[in-house]
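Novice: Dropping a structure here in structure tokens format, bear with me for questions.
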């Protein structure tokens, strides 16, 4: 059984904007719905469960909500309308749901795993592994690009960062799939999905407890070993914080990158002129990855809570109200981006300044894993354009996962030719 949220009630009456947006995010093309919502009201407010939630659809308003300290999470103070009791059953409290000073402390510790030097050391391994995967894909010809290319690379790299053995990558990938589905609000989930999220969170916690014991005895050069050392040395981290950070890094470092790569492949297959531009000039790949992130962001909604009474767009918002940055709308704001619906590999190339997208957020909550996601995507697309002549979709309609906040393809049948 899968929960669904229709965009309109029987008889033609519209659902509240937030529900219509959540429903649209599961469709192959949600952007006309987002545009209609923004055109009717750029800051539409919905009452969900007695809580006021406002969608933020414009690029400039989104920048304010993401960067202004008046907006945060509010879980510790139990004022968040998204989790009013302040509790979580998915193990993802940590960086995703904390405000300063806790967030500042945790981010400082975890940021050590994402330094340029650390990423530079990973690049050769990513390149070699991606090359092996592409060899196998070209030999096969017809593949599911999600399972064959998009998923294995980020699974391998995040597990390596965390110190997880290669033999355990499969179960980690399964846990991530279940838990990322559970990030959606509970009213969009079935009882079975909520139960599966809780089970996966417990199993992941148990796994990391055992891994921490092993790494405490024989520490490595991985992030978990470093976090355990920090915890043991000066109690800068509690045991529960170490576990929560592990869960967050797995989820945040895996699913979004999978979706970035798979949607980028689909987009290039649908636009052969842009594919040929990249083949002719692989130097355009970094800008093309930025355009993929802008045009169809893996994270469609970024939740925030009003921490102190403030104004936005000429309206007053009170402490405890919810804000949902509709990334897919803000990244296609026609006041900011020319031809916002077009995929242009040259949009972020050259000297002309282009507005930044909001896919990775802004300010103190800017995604720590953004450099790793970019590097993984750039490596696979550079290899593809250099070694692959033809990229063709072999299914008429794309199938998206039944989830809204993190939007991604369930599968992507394609044919590759060298």
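Novice: When all alpha-carbon pairs of the range 107-196 are counted, what percent fall beyond 23 Å?
Specialist: 43 percent
Novice: Here's another thing I want to ask about it. Tell me, what is the Rg over Rh of the range 130-269, with Rh the Kirkwood radius over Cα pairs?
Specialist: Checking Rg against Rh, the ratio lands at 1.03.
Novice: Okay, next question. Would you give the gap between the C-alpha center of the range 355-369 and the C-alpha center of the range 99-116, rounded to a whole Å?
Specialist: 15 Å
Novice: FRET efficiency for residue 210 and residue 240, Cβ-Cβ distance as r, R0 = 22 Å, nearest 0.05?
Specialist: Efficiency for this residue pair is about 0.90.
Novice: Which residue, 101, 272, 185, has the most motion in a Gaussian network model of the chain that connects Cα atoms within less than 10 Å?
Specialist: 101
Novice: Can you give the Rg and Dmax of the range 285-418 based on its C-alpha atoms, in angstrom?
Specialist: 17.8, 58
Novice: Can you give the convex hull volume of the alpha carbon atoms of the chain per residue, in Å³?
Specialist: 147 Å³
Novice: Taking the chain as a Gaussian network, where each spring joins two C-alpha atoms under 10 Å apart, which residue of 283, 361, 320 fluctuates the most?
Specialist: Result for the chain, Cα springs under 10 Å: 283 fluctuates most.
Novice: Find how much the distance from residue 41 to residue 174 grows on full extension, using 0.36 nm per residue of separation minus their present alpha carbon separation; answer in nm with one decimal.
Specialist: Difference between extended and current length: 44.0 nm.
Novice: Further question on the same structure: Taking the Cα centroid of the range 24-42 and of the range 286-324, what is the distance between the two, rounded to the nearest whole Å?
Specialist: Cα centroid of the range 24-42 versus Cα centroid of the range 286-324: 15 Å apart.
Novice: How high is the relative contact order of the chain, given as a whole-number percent (alpha carbon pairs under 8 Å, six or more residues apart)?
Specialist: This gives 26 percent for the chain.
Coordinate-derived values only; no laboratory data. Keep in mind it's a predicted model, so treat the numbers as computed, not measured. Here Cβ is always computed from backbone atoms with ideal geometry, including for glycine, and neighbour counts include all displayed protein chains.
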